[in-house]
1. I need the full set of residues from region 32-63 which are out of contact with any helix residue (DSSP H, G or I) (no Cβ under 8 Å at 6 or more places or on another chain) and under 27 Å from residue 12 (Cα atoms), in order please.
2. Search region 10-22 for residues that are within 17 Å of residue 68 (Cα to Cα) and touching a residue at least 40 places away in the same chain (Cβ under 8 Å) and pair each with any residue that is aromatic (Phe, Trp, Tyr) and surrounded by 10 or more Cβ atoms within 10 Å (Cβ to Cβ) when their beta-carbon atoms are under 9 Å apart and the residues are at least 6 apart or on different chains.
3. What number of residues within region 71-90 satisfy the criterion of being of a type outside the set (Asp, Glu) and either modelled with pLDDT of 75 or more or within 30 Å of residue 55 (Cβ to Cβ) (or both)?
4. Search region 23-47 for residues being β-branched (Val, Ile, Thr) and over 18 Å from residue 71 (Cα atoms), and hand back the single one that is surrounded by the most Cβ atoms within 10 Å (Cβ to Cβ).
5. Can you pull out every residue in region 42-74 that is in a helix (DSSP H, G or I) and free of Cβ contacts under 8 Å to residues at least 12 places away in the same chain?
6. Take the conditions surrounded by fewer than 10 Cβ atoms within 10 Å (Cβ to Cβ) and either over 18 Å from the mean Cα position of the chain (by Cα) or closer than 20 Å to residue 72 by Cα (or both) and apply them to residue 16. Does it pass?
7. What number of residues within region 1-21 satisfy the criterion of being basic (Lys, Arg), out of contact with any Asp or Glu (no Cβ under 8 Å at 6 or more places or on another chain) and at pLDDT 85 or above?
Amino acid sequence: MYHRPDFSIMLDALGRVKEPGRVPFFELFADREIIEEVMGFKLTDPANESGKYFDQLASFYYELGYDYVPFYLIPRFPLADKIDSEDTAL
């Protein structure tokens, strides 16, 4: 049962704007191995080619009819300039 992805269904459900015509189709994440098996190719490394990686990820969720693509940003804090001190916790 394939349906076209529709992010407005997700927004309506989350915002309680109106009762959606169907339950939003989403998951918090899909395992890398599952994505690669379904799509038939290896995912690129997001650390090296983030643009290509997110294109591949979006293609997976679109092709399966998900209503959104989960997206996470991991902050990269500089470590070279950190200041060490004694633990001041009580």
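The values are calculated or read from the model by the stated rules, or taken from the named source; none is laboratory data. In this text the structure is predicted, and so the values were computed from the model without any measurement. All Cβ positions, glycine included, derive from the backbone under ideal geometry; neighbour counts span all protein chains shown.
1. Here is the first cut: in region 32-63, the ones out of contact with any helix residue (DSSP H, G or I) (no Cβ under 8 Å at 6 or more places or on another chain) are 32-34, 36-37, 40, 47-55, 58, 61-62.
Answer for region 32-63, where residues must be out of contact with any helix residue (DSSP H, G or I) (no Cβ under 8 Å at 6 or more places or on another chain) and under 27 Å from residue 12 (Cα atoms): 54, 55, 58, 61, 62.
2. 10/25; 10/26; 10/68
3. Step one: filter region 71-90 for residues of a type outside the set (Asp, Glu), giving 71-80, 82-83, 85, 88-90.
With the extra rule that they be either modelled with pLDDT of 75 or more or within 30 Å of residue 55 (Cβ to Cβ) (or both), the set shrinks to 71-79.
Residues flagged as of a type outside the set (Asp, Glu) and either modelled with pLDDT of 75 or more or within 30 Å of residue 55 (Cβ to Cβ) (or both) within region 71-90 amount to 9.
4. Going residue by residue through region 23-47, those that are β-branched (Val, Ile, Thr) are 23, 34-35, 38, 44.
From what is left, the residues that are over 18 Å from residue 71 (Cα atoms) are 23, 38.
Values: 23: 9, 38: 12.
For region 23-47, the residue satisfying everything is 38.
5. At the first step, the residues of region 42-74 found to be in a helix (DSSP H, G or I) are 50-63.
Across region 42-74, the qualifying residues are 50, 51, 52, 53, 55, 58.
6. On the way: surrounded by fewer than 10 Cβ atoms within 10 Å (Cβ to Cβ): yes; either over 18 Å from the mean Cα position of the chain (by Cα) or closer than 20 Å to residue 72 by Cα (or both): yes.
Yes, satisfied.
7. Quick first cut of region 1-21, residues basic (Lys, Arg) only: 4, 16, 18.
In the following step, the residues that additionally are out of contact with any Asp or Glu (no Cβ under 8 Å at 6 or more places or on another chain) were identified as 4, 16.
Of the ones still in play, those that are also at pLDDT 85 or above are 16.
The total comes to 1.
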